[in-house]
Amino acid sequence: MACFDGEKYFIENAHTHRYLFQDGPKIKGERGSEGGWLASSGFESPKCVGADANYYNRAYWRFLPQGGDKYFIENIETGRYLFQDGPKIKGDRGDEGGWLASSGFESPKCVGADANYYNQAYWTIEPQGDDKYFIVNAETGRYLFQDGPKIKGERGDEGGWLASSGFESPKCVGADANYYNQAYWKILKQ
C-alpha cells in the first residue's frame, strides 16, 4: 500500500508527461453546499485535465488519508476533491474497449467536486513498479486516465489549458483499463 502525507504533490501522467490539473473556482461555503457535481444540481463541477504546466498552481494536490488504503485527493488551490463520475466497471478490465464514445462507451469524466458525493471521491493508490502508480476510484474501480498527446517542447509552451489559449488540454476520465499506458501516474513530492 502506498503511503502519502498531506504535503504538496504533482501528479504526472507517465505517458504524456502532463500534470493532473483542476480547472474552475475554489469551493465556497461548506463541503456539499454545491449539492452535487452535475449541472442539474445548479452548479457543474469543473473538469480535470492534463496540462503541460502548473498554471495558477492548479496542478498541486495533497493526499488526505481516509482510513484503510483510501484517500481524498484534494486540489490545493481550489480545495476540491478529485471526483470520478459514472458507473462501476462491469466485467473484466478492457471489456469496454476504450475510453471514447467511438468504442461504444464513453468513459465518465473526472471533475473537481466540493464533497464526496456517493463515495466517488475515494481513491486508492496501487504501485506498479518504476515509481508508477494506478490511481483507482474506490467506488467505481476505474483508473484515473489521461487522454491526449504527449507534451511537446518546454513546460508552459501551450500557454494554458483552455481552447482560448490555442490548445485545449486533454480531459481526464475514469477508464476500465490502462489503454496505451495512459493510466500510469507518477506522484512527485514538491
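Okay, here's what the table says:
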read-out: Full-extension gain in nm, residue 31 to residue 54, via 0.36 nm per residue minus C-alpha separation; value: 5.8 nm
read-out: For the range 163-178, 3J(HN,Hα) per residue [Karplus equation, 6.51 cos²θ - 1.76 cosθ + 1.60, θ = phi - 60°, Hz, x = Gly/Pro]; value: 4, 5, 7, x, 8, 9, 4, x, 7, 10, 9, x, 9, 7, 8, 8
read-out: Alpha-carbon centroid distance for the pair the range 75-153 / the range 4-39, whole angstrom; value: 12
read-out: Listed residue pairs exceeding 30 Å between alpha carbons, taken from 90/152; 132/152; 8/150; value: 90/152
read-out: The range 100-190: Cα Rg divided by the 2.2 N^0.38 Å rule of thumb; value: 1.19
read-out: Computed E for residue 40/residue 178 - FRET, C-beta separation, R0 35 angstrom, nearest 0.05; value: 0.65
read-out: Nitroxide proxy distance, nm - points 7 Å out along Cα→Cβ at residue 88 and residue 165; value: 3.7
read-out: Per-selection Rg to Rh, the range 1-66 - Cα, Kirkwood hydrodynamic radius; value: 1.02
read-out: Cβ-defined net charge surrounding residue 132, 12 Å radius [Lys, Arg +1; Asp, Glu -1]; value: -3
read-out: Listed values (1) 30, 18, 14; (2) 21, 20, 18; (3) 23, 19, 17, entry calculated as semi-axes √(5λ) of the Cα gyration tensor in Å; value: (2)
read-out: FRET efficiency estimate (nearest 0.05) - Cβ-Cβ, residue 130 to residue 190, R0 22 angstrom; value: 0.60
read-out: Estimated FRET transfer efficiency when R0 is 35 angstrom, pair residue 62-residue 95 (beta carbons, to 0.05); value: 0.55
read-out: Mean separation of Cα contacts under 8 Å (6+ apart) over length of the chain, as relative contact order %; value: 28
read-out: Dipole magnitude of the chain, debye to nearest 20 (Cβ charges: Lys/Arg +1, Asp/Glu -1, about Cα centre); value: 180
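Every number here is computed from the coordinates shown, using simple stated rules; none is lab data. These figures come from a predicted structure and were not determined experimentally. Note: ideal-geometry Cβ built from the backbone for every residue, glycine included; neighbour counts use all protein chains shown.
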